[in-house]
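**Student:** Next up is a structure, given as structure tokens.
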Amino acid sequence: MKISLLAFVGFLFVNLAYGQTGELCKAEHLCCDHLPAPVGIDNPRPRLSWMLHDTRNGAKQTSCQIIVGTDSIAVTEGKGNVWDSGNRSYTGMMVTYAGQALKPFTRYFWKVNVWDKDRVRSSSPVSSFETGMMDVKNWQGAWISDRNDINYKPAPYFRKEFKTTKKIQSARAYIAVGGLYELYINGDKIGNHRLDPMYTRFDRRNLYVTYDVTSQLQNGHNAIGVLLGNGWYNHQSIGVWDFHNAPWRNRPAFCLDLKITYMDGSMETIATGLDWKTSSGPVIFNSIYTAEHYDARLEDDGWNKPSFDDSKWGRVIYRSAPSNVVSAQQLHPIRNVETIPAKTVKKMDDSTYLFDFGRNIAGVTKINVSGDEGTIVKIKHGERLYDNGYIDMTNIDVYYRGDRDADPFQTDLLILSGKKEDEFMAKFNYKGFRYAEVISNKPLNLDINSLTAYFMHSDVPAVGEIKTSNPLIDKLWWATNNAYLSNLMGYPTDCPQREKNGWTGDGHFAIETALYNFDAITVYEKWLADHRDEQQPNGVLPDIVPTGGWGYGTDNGLDWTSTIAIIPWEIYMFYGDSKLLADCYENIKRYVDYVDRTSSGHLTTWGRGDWVPVKSRSDKELTSSVYFYVDTKILARAAKLFGKQDDYIYYSDLSEKIKNAINAKFLDRTTGIYAGGTQTELSVPLQWGVVPDDLVQKVADNLARKVEEAGFHLDVGVLGAKALLNALGRNGHIEAAYKVAVQDTYPSWGWWIVNGATTLLENWDLQAERDISDNHMMFGEIGGWFFKGLGGIYPDPDQPGFKNIILRPNFIRGLKQFEAKHRSPYGMIVSGWEIKGKNVVYNIVIPANSTATLYLPDYVKGDKVIQLESGKHSLKLQFGK
Ligand code: BGC
């Protein structure tokens, strides 16, 4: 039964209006393509979004007007020379630009006027976005490199000097690179990005990055310096994934346009060409996979400043562009996000020190050290120690096939200058580690401040928080996020040490956890573009993306490569933004059609199966076919959304056939058991909506029994780990789900934490001999489940992006306090509760311009379905029927 708020009398309902009547409703947090005031975008129809700051209960936007123009003052005054949407009775908070065609290299200012619940108008502050190249034909520079081949170790340095004679108004640098770069102007490093540009399938698409460099230029003499790293473009280290044989492999190359606008309105472009000079320098080796080697004796301080004597530098050569597509890098960049000082340092002997950073991360260390000229210092990074206290890399170097002397795994090398205190931090590599061992060929004096760690990852804004009275839950949530961020480097990876691969399955197993906790849409838009670049004409996808060719076999099936459907769908659910789903629509269709063509009787065995299980094995045909159903269902829903009626009918029908085939073959209707009845085999069909309605409870009861028999321990691999807690919690067994979630003996997530993990691991079994990375995200569902299973925060498929929030909280008697917060596109959602004996105080915040449908569990008294408006609400509830 649905009841209105006013008629709601079953509970003492305290509605805390915390805004003052008459307080302004204001649009804020303006973003363009999900980035605040981006510079250098290529999307001709960017998405403009905002949030409402309005703390009144029932706050909403009744209409809005978007104003876009090239004159900031005119836009402030409400005049937009390129787009004025007019007052539209639109209640969403994201609009796709629909004004005059955007021009390249142009800064557009924009604001939004909103009309609040009382139809009172207010204006947002003015924000901006700036277009970049918009079209490859707008590049003026040529791709250049040095004369060395792919095997040459030292990194190439490039420089060019130029003179300006007029006063500079503004300047932008556009840089596209095959490989990685650092850009300098007059000695200053430009920007704080790391490992730019992000890794793509280089022979299909290259990314360029735009910087506002106005403040780094000076009147008169200027110098530009560019240092290139290999990255994934020129993989010199040898691993089992064959990146050293990638079809795109080449010596790093780049193209740069520096556009200067002078005060008199004239423009000039300084571009790459044969007038640039090149040399090598102190970066004598760099590998994204293993490490970096640096010879401080070769430093030449002024190389990136004007008036440097480059007479000994050589000439550059022209190079063909790595691909025909050079598009803007529109995503949150990788940065050194967190500085982590060493917790302890231990002097093992005169020339060996062991640093412990106290937690596992992805990133780099920076060393500050002095010693004799030519002293060789090695910095080895690892996750584990041998009993004797030295670093043990056997859990992470197993797939490395390179030269362990010349190119040791996760081991930087520094040769001291002997002239000063040397400082070194790898520029073109990152590692996964908790410990670092510094070993030198001469005695060294180091202390705890000599080595500092930096946690590197795509710097996506945090949007989620879990706080509870159970420290295990808080630690699990934190560890999940550490694993997620350690594995986010412009694409989601499996682990930051052993592989750094964009494993598709790992990516989608973690997608909900990712989106509850981080505003990561820009990274997924990029990664799904990588998927589109990789997809075979017949629809097949490799199971790592990007790939140099590895990953097409028999395992790259539905349980992994369903990323193509699941991720765009979840992005649509969490953001209400259907662009990615639309961009991937034909790709999903090609993928589903491939499976349809190659499966018989609507069932498929294409996949890897329930990877890294505890002990029970699950039927692969069952799990793969369920993912076939999931993708087909998503395709049907997308078809409906985009008005593709024929597709909608066809794929709805196909999804029904798949479901029926799964149930006909695997479901025993009498017992309510799927296949052999493992935790995975029961939970996967429940989670993904395959179980016939009349049997859902029976199957769920069987699952609960199975879990109880296991003493509330896991007996699943990745597929079951994604499904289990949801399958229990959503079907009347929340206590069982909770017991599994907070279980702290083997096998469980909590067992890892009890054993000191600060990230999620790859294997349940701490004694296992393979698949034992200590920083993996594939079991990451746990961190997202707290938002769902306990906080009950779900997007509403009918009003996605949290326009309407589905709240299905669960109150656990054994957990005194719980709070989940998620900053949705509409603003902060809070769902928190406190248990007081037989009572529960349930506190909710619904952001402005959003609503919620609250479903209360049947173990509390009173009405079960309540419609809530925006604002703060506090409910006093009582356990009981
Ligand atoms: C990776 C996994 C991946 C798996 C698939 C492993 O080596 O680290 O996370 O999904 O392979 O087989």
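The values are calculated or read from the model by the stated rules, or taken from the named source; none is laboratory data. Since the model is a prediction, treat every value here as computed from it, not as a measurement. Don't worry about glycine lacking a Cβ; one is built from the backbone with ideal geometry, like all the others, and counts go over all protein chains shown.
**Student:** In this structure, does ALA700 turn out to be in a helix (DSSP H, G or I), within 23 Å of LEU472 (Cβ to Cβ) and of a type outside the set (Ser, Thr, Tyr)?
**Tutor:** Spelling it out, it is not the case that ALA700 is in a helix (DSSP H, G or I), within 23 Å of LEU472 (Cβ to Cβ) and of a type outside the set (Ser, Thr, Tyr).
**Student:** Looking at this structure, is GLU769 under 30 Å from the mean Cα position of the chain (by Cα) and surrounded by fewer than 19 Cβ atoms within 10 Å (Cβ to Cβ)?
**Tutor:** yes
**Student:** Residues in the stretch 481-520 that are of a type in the set (A, V, I, L, M) and surrounded by fewer than 24 Cβ atoms within 10 Å (Cβ to Cβ): how many?
**Tutor:** Residues meeting the conditions: 1.
**Student:** Please specify each residue of the stretch 379-409 satisfying the condition of being of a type in the set (Asp, Glu) and within 16 Å of the ligand (Cβ to nearest atom).
**Tutor:** Once the filter is applied, which keeps residues that are of a type in the set (Asp, Glu) and within 16 Å of the ligand (Cβ to nearest atom), the stretch 379-409 yields GLU383, ASP397.
**Student:** State whether the residues of the stretch 815-823 include one that is surrounded by fewer than 21 Cβ atoms within 10 Å (Cβ to Cβ), out of contact with any Gly (no Cβ under 8 Å at 6 or more places or on another chain) and more than 18 Å from GLY789 (Cα to Cα).
**Tutor:** No - not one qualifying residue is present in the stretch 815-823.
**Student:** Take the stretch 46-64 and flag every residue that is touching a residue at least 60 places away in the same chain (Cβ under 8 Å), in a loop (DSSP other than H, G, I, E, B) and over 19 Å from THR131 (Cβ atoms).
**Tutor:** The answer is ASP54, THR55, ARG56, ASN57, GLY58, ALA59, LYS60, GLN61.
**Student:** In the stretch 791-825, what residues are closer than 15 Å to ILE571 by Cα and in a loop (DSSP other than H, G, I, E, B)?
**Tutor:** Answer for the stretch 791-825, where residues must be closer than 15 Å to ILE571 by Cα and in a loop (DSSP other than H, G, I, E, B): PRO797, ASP798, PRO800, GLY801, PHE802, LYS803, PRO825.
**Student:** Here's something else I'd like to know. Testing GLU465 on (1) within 14 Å of the ligand (Cβ to nearest atom); (2) acidic (Asp, Glu); (3) part of a strand (DSSP E or B), one condition comes back false. Which one is that?
**Tutor:** Going through (1) within 14 Å of the ligand (Cβ to nearest atom); (2) acidic (Asp, Glu); (3) part of a strand (DSSP E or B) one by one, GLU465 breaks only (1).
**Student:** Are there strands (runs of 3 or more DSSP E) fully within the stretch 65-141 with at least 3 residues that are touching a residue at least 12 places away in the same chain (Cβ under 8 Å)? List them.
**Tutor:** Fully inside the stretch 65-141 and qualifying: 94-96, 107-115, 127-131.
**Student:** Check every one of the strands (runs of 3 or more DSSP E) wholly within the stretch 293-398 and list those with 1 or more residues that are buried (at least 22 other Cβ atoms within 10 Å of the Cβ).
**Tutor:** Working: elements: 326-328, 334-341, 344-349, 352-369, 376-382.
The strands (runs of 3 or more DSSP E) meeting that bar are 326-328, 334-341, 352-369, 376-382.
**Student:** In addition: If you check THR91, THR76, which single one turns out to be more than 31 Å from the chain's Cα centre (by Cα) and not aliphatic (A, V, I, L, M)?
**Tutor:** Result of the check over THR91, THR76: THR76.
**Student:** Then there is this: Please find, among THR131, THR106, the residue that is surrounded by fewer than 20 Cβ atoms within 10 Å (Cβ to Cβ) and touching an Asp or Glu at 6+ places or on another chain (Cβ under 8 Å).
**Tutor:** Step by step, each of THR131, THR106 is checked, and only THR106 is surrounded by fewer than 20 Cβ atoms within 10 Å (Cβ to Cβ) and touching an Asp or Glu at 6+ places or on another chain (Cβ under 8 Å).
**Student:** Would you check if VAL718 is closer than 22 Å to PHE787 by Cα and touching a helix residue (DSSP H, G or I) at 6+ places or on another chain (Cβ under 7 Å)? Lay out the reasoning, then the answer.
**Tutor:** On the way: closer than 22 Å to PHE787 by Cα: yes; touching a helix residue (DSSP H, G or I) at 6+ places or on another chain (Cβ under 7 Å): yes.
Yes: the conditions hold for VAL718.
**Student:** Inspect the stretch 431-444 for any residue being in contact with a helix residue (DSSP H, G or I) (Cβ under 9 Å, 6 or more places away or on another chain) and either modelled with pLDDT of 95 or more or of a type in the set (Lys, Arg) (or both) and give the result as yes or no. Please lay out each step first, then the result.
**Tutor:** So in the stretch 431-444, the residues in contact with a helix residue (DSSP H, G or I) (Cβ under 9 Å, 6 or more places away or on another chain) come out as 432.
When the remaining residues are screened for being either modelled with pLDDT of 95 or more or of a type in the set (Lys, Arg) (or both), the result is 432.
Yes, that holds for at least one residue.
**Student:** Given the structure, is SER578 under 25 Å from the mean Cα position of the chain (by Cα) and either within 15 Å of the ligand (Cβ to nearest atom) or not hydrophobic (A, V, I, L, M, F, W, C) (or both)?
**Tutor:** yes
**Student:** When you go through ASP555, ASP494 one by one, which is the residue that is within 16 Å of the ligand (Cβ to nearest atom), in a loop (DSSP other than H, G, I, E, B) and within 24 Å of ARG335 (Cα to Cα)?
**Tutor:** Result: ASP494 is the single residue among ASP555, ASP494 that is within 16 Å of the ligand (Cβ to nearest atom), in a loop (DSSP other than H, G, I, E, B) and within 24 Å of ARG335 (Cα to Cα).
**Student:** Now, a different point. Can THR604 be described as away from the ligand (no atom under 16 Å from the Cβ) and buried (at least 20 other Cβ atoms within 10 Å of the Cβ)?
**Tutor:** yes
**Student:** A further question on this structure: So which pairs qualify, if the first residue must be in the stretch 179-208 and part of a strand (DSSP E or B), the second must be at pLDDT below 95, the Cβ gap must be under 7 Å, and the two must be at least 6 apart or on different chains?
**Tutor:** none
**Student:** Could you tell me how many of the residues in the stretch 759-794 are within 16 Å of the ligand (Cβ to nearest atom), small (Gly, Ala, Ser) and in contact (Cβ under 8 Å) with a residue 12 or more places away in the chain?
**Tutor:** 2
**Student:** Ok, one more. For the stretch 479-491, which residues satisfy the criterion of being among the small types (Gly, Ala, Ser) and within 14 Å of the ligand (Cβ to nearest atom)?
**Tutor:** Passing the criteria: ALA483, SER486.
**Student:** If you don't mind, another one. When you look at GLU735, is it under 26 Å from GLY791 (Cβ atoms) and over 34 Å from the mean Cα position of the chain (by Cα), yes or no?
**Tutor:** no
**Student:** Need the failing condition index for LEU719 against (1) surrounded by 23 or more Cβ atoms within 10 Å (Cβ to Cβ); (2) part of a loop (DSSP other than H, G, I, E, B); (3) within 16 Å of the ligand (Cβ to nearest atom); (4) of a type outside the set (Gly, Ala, Ser), just the number.
**Tutor:** Condition not satisfied by LEU719: (2).
**Student:** Out of the stretch 731-758, which residues are touching a residue at least 24 places away in the same chain (Cβ under 8 Å), not aliphatic (A, V, I, L, M) and not in a helix (DSSP H, G or I)?
**Tutor:** Across the stretch 731-758, the qualifying residues are ASN731, GLY732, HIS733, GLN743, ASP744, THR745, TYR746, PRO747, SER748, THR758.
**Student:** Among the residues in the stretch 504-518, are any part of a loop (DSSP other than H, G, I, E, B), away from the ligand (no atom under 11 Å from the Cβ), out of contact with any Leu (no Cβ under 9 Å at 6 or more places or on another chain) and not basic (Lys, Arg)? Step through it out loud before you land on a result.
**Tutor:** Residues of the stretch 504-518 that are part of a loop (DSSP other than H, G, I, E, B), as a first pass: 510.
Going one step further and asking which of them are away from the ligand (no atom under 11 Å from the Cβ), we end up with none.
Looking through the stretch 504-518, none of the residues is part of a loop (DSSP other than H, G, I, E, B), away from the ligand (no atom under 11 Å from the Cβ), out of contact with any Leu (no Cβ under 9 Å at 6 or more places or on another chain) and not basic (Lys, Arg).
**Student:** Name every residue in the stretch 526-565 that is buried (at least 24 other Cβ atoms within 10 Å of the Cβ) and under 16 Å from PHE628 (Cα atoms), in order of residue number.
**Tutor:** Result: LEU541, ASP543, GLY557, LEU558, ASP559, TRP560, THR561, SER562, THR563, ILE564, ALA565.
**Student:** Restricting attention to the stretch 534-552, and to residues there that are in a loop (DSSP other than H, G, I, E, B) and within 11 Å of the ligand (Cβ to nearest atom), which single residue is modelled with the lowest pLDDT?
**Tutor:** Residue satisfying both the conditions and the ranking: GLY551.
**Student:** If you don't mind, there's one more thing I want to ask. Looking only at the stretch 826-838, count every residue that is within 31 Å of the chain's Cα centre (by Cα) and in a loop (DSSP other than H, G, I, E, B) and tell me the total.
**Tutor:** From the stretch 826-838, those within 31 Å of the chain's Cα centre (by Cα) are 826-833; that's our starting set.
Imposing the further condition that a residue be in a loop (DSSP other than H, G, I, E, B) reduces the set to 826.
Total satisfying the criteria: 1.
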